[in-house]
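What follows is a single structure, written as structure tokens, with notes after it.
The values are calculated or read from the model by the stated rules, or taken from the named source; none is laboratory data. Everything numeric in this text was worked out from a predicted model, so none of it was measured. Positions of Cβ are backbone-derived with ideal geometry, glycine not excepted, and every protein chain shown enters the neighbour counts. Heavy atoms of the whole protein, side chains included, go into the accessibility calculation; ligands, DNA and RNA do not. Shrake-Rupley method; radii C 1.70, N 1.55, O 1.52, S 1.80 Å.
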Amino acid sequence: SLDHSIFDRTIWRTTFGRQGVFLAIGLVAMLLCARLGSVFLSHSFVRTRIPPLLFAATGFLLIAALVPGLGEAHRGSQRWLSLGPVWAGLGFQPSELAKVALVAFLAWLLGCRGKNPRSLRSGFIPAAASIGLFVLLVGTADFGTAALIACVGFSMLFFAGGRKSGGGGKGVGV
């Protein structure tokens, strides 16, 4: 059948062949993003609606990867979701999407009009809660990625103008 044709060939069964297929797909995606990225991102719908949806979908995928039966264990850690049939060997690690989703969500959250990133209630607490949620979900399986997410998230909070002390000058550093 048509869906088995690409996978039945010997090129798919070699590491070099699989990487070549992924390279070709990546190059096409890169060229499309380079050509259409600014047009796509200039729409207000994309800037205001996509980051929260992407954040929520990524949170769902991170939870799904932890559920036995949905997530797959690789090298002793259950952090993968399989894509397609098992014989194809395609997998997806939601923590990779979490890096992009958190950056987009924090940029949306801290850049919203009317919200002050220096405010504890509308700036620090929502941002720290979203960072903490992803760090907890990713950190159960991959401490390195969780540490990276925490560093990038709190760096974004700091450079957006967040207060250096979250406790009214009591020295609770960000």
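Before moving on, here are some points about what is shown:
Let's see how each residue does on (1) without any contact (Cβ under 8 Å) to a residue 12 or more places away in the chain; (2) farther than 23 Å from residue 107 by Cα; (3) open to solvent by 60 Å² or more (accessible area, probe 1.4 Å):
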site: 15; (1), (2), (3): yes, yes, yes
site: 19; (1), (2), (3): yes, yes, yes
site: 23; (1), (2), (3): yes, yes, yes
site: 28; (1), (2), (3): yes, yes, yes
site: 33; (1), (2), (3): yes, no, yes
site: 38; (1), (2), (3): yes, no, yes
site: 42; (1), (2), (3): yes, no, yes
site: 45; (1), (2), (3): yes, no, yes
site: 50; (1), (2), (3): no, no, yes
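- Just one of the numbered conditions (1) modelled with pLDDT of 75 or more; (2) more than 28 Å from residue 138 (Cβ to Cβ) is not true of residue 22: (2).
- All conditions in (1) more than 18 Å from residue 91 (Cα to Cα); (2) surrounded by 12 or more Cβ atoms within 10 Å (Cβ to Cβ); (3) at pLDDT 85 or above hold for residue 11, with the sole exception of (3).
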